[in-house]
Amino acid sequence: IKKQQQDVLGFLEANKIEFEEKDIAANEENRKWMRENVPEDSRPASGNPLPPRLFNDCRYLGDYEAFFEARENNAVYAFLGLTAPPGSKVGVYIFHSKL
């Protein structure tokens, strides 16, 4: 999980994409919000959704696998819901756990 989180954060920072981190390990409210806002069809068969999970404001974008696939297909900006110019202020949030 930590490596995936670092990968997402590193990409966002390197591309100067503004985002806000939401720690679910230290903040029960963040954990509850993330779990409630991950769509049913994106949840694991058992247990709770694990970080990293990405949102644009309140719109669920996906998990690490979806982010990775978008990056491999050079479609990260579309995945994140960004419009030109890249790096403009948007409400991108990454829910993670500081392990």
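The values are calculated or read from the model by the stated rules, or taken from the named source; none is laboratory data. As the structure is a computational prediction, the values presented were derived from the model and not from experiment. A quick note on method: Cβ atoms are made from the backbone with ideal geometry, for glycine too, and the neighbour counts reach across all protein chains shown. Surface areas here come from the heavy atoms of the whole protein model, side chains and all, with no ligands, DNA or RNA. Shrake-Rupley method; radii C 1.70, N 1.55, O 1.52, S 1.80 Å.
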**Item:** 1.4 Å probe accessible area per residue over the chain, in Å²
**Value:** 60
**Asked** Quick one: putting +1 on the C-beta of Lys and Arg, -1 on the C-beta of Asp and Glu, what dipole do you get for region 21-88 around its Cα centre, in Debye to the nearest 20?
**Response** 60
**Request:** Go ahead and set up a Gaussian network model of the chain, Cα springs under 10 Å, then flag whichever of LEU61, LEU12, LEU80 fluctuates most.
**Result:** LEU12
**Asked** If one puts a single equal scatterer on every Cα of the chain and applies the Debye formula without solvent, what log₁₀ I(q)/I(0) results at q = 0.10 Å⁻¹?
**Response** -0.24
**Message:** Run the count for the chain, please: Lys pairs, Cα-Cα under 25 angstrom, 8 or more apart or on different chains.
**Reply:** 15
**Asked** Ignoring any ligand, DNA or RNA, what whole percent of the accessible area of the chain comes from carbon and sulfur when the probe is 1.4 angstrom?
**Response** 48
**Asked** Looking at TRP33, ALA70, CYS58, which one has the Cα that reaches farthest to the positive end of the dipole of region 1-98 (charges on Cβ: Lys, Arg +1; Asp, Glu -1)?
**Response** TRP33
**Message:** As a test of the formula, what do you get for the chain when each DSSP H run with n ≥ 4 contributes -39,500 (n - 2.57) and the sum is divided by the residue count, at 222 nm and rounded to the nearest 500 deg cm²/dmol?
**Reply:** -10500 deg cm²/dmol
